[in-house]
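Worksheet: one structure, shown below.
The values are calculated or read from the model by the stated rules, or taken from the named source; none is laboratory data. The shown structure was predicted, so the numbers you read here are calculated from the model rather than taken from an experiment. No Cβ is skipped: glycine too gets one built from the backbone with ideal geometry, and neighbour counts run over all protein chains shown.
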Amino acid sequence: MSSTSTSTSASASANGHLGVCGDALALPFPTGSIDLVACSLLAHHFPADPLRTLLRELDRVARHRVVVVDLRRSWVAAAGIWLASFPLGFHPISRHDGRVSVLRAFTPAELRRHITDATGAHATVTKRAGYRLLATWCPAATVHTPATTT
């Protein structure tokens, strides 16, 4: 662990924020222990089998809702990110990664199918600005536990 991440972690802890480092394919949380689970711009980095594992894990730890925001595949967006990367001064690696990420992204039907195949849930998948997709669903085994006070 670097001194930067250690000091950042210590600062977050001092301010009452909890930081957890773990494997996205084996989340270190009990089933149904997180009220709202969000996954932002990560899913397109996974091949099909690990993606299904990721989606099952998000579903497993969620108590009330799962939200996945990811890229929507588009040749227009791929060309746009490529062209915009020059005047914006992107590093060549970032320029390449941006284009590849958009081309590895999902159509709404593909993302919906991955979610259903992985979890059995019928997700609502909508197109959003910036060539994004928003998928949301109630976890398969919704856990209703009474709120506790301390």
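Tabulated data for the structure shown
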quantity: Filter result (within 12 Å of the chain's Cα centre (by Cα) and either of a type in the set (Ser, Thr, Tyr) or modelled with pLDDT under 85 (or both)) within region 1-48; calculated: 40
quantity: Filtered residue count, region 122-136, keeping only those that are free of Cβ contacts under 8 Å to residues at least 60 places away in the same chain, surrounded by fewer than 17 Cβ atoms within 10 Å (Cβ to Cβ) and at negative phi; calculated: 6
quantity: Hey, residue 71 within 15 Å of the chain's Cα centre (by Cα), surrounded by 13 or more Cβ atoms within 10 Å (Cβ to Cβ) and outside any strand (DSSP E or B) or not; calculated: no
quantity: Test for residue 136: is it outside any strand (DSSP E or B) and closer than 24 Å to residue 49 by Cβ; calculated: no
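For (1) farther than 22 Å from residue 47 by Cβ; (2) modelled with pLDDT of 95 or more; (3) polar (S, T, N, Q), each residue gets a yes or a no:
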{"position": "68", "(1), (2), (3)": "no, yes, no"}
{"position": "73", "(1), (2), (3)": "no, yes, no"}
{"position": "77", "(1), (2), (3)": "no, no, no"}
{"position": "80", "(1), (2), (3)": "yes, no, no"}
{"position": "96", "(1), (2), (3)": "no, no, no"}
{"position": "106", "(1), (2), (3)": "no, yes, no"}
{"position": "112", "(1), (2), (3)": "no, yes, no"}
{"position": "116", "(1), (2), (3)": "no, yes, yes"}
{"position": "121", "(1), (2), (3)": "no, yes, no"}
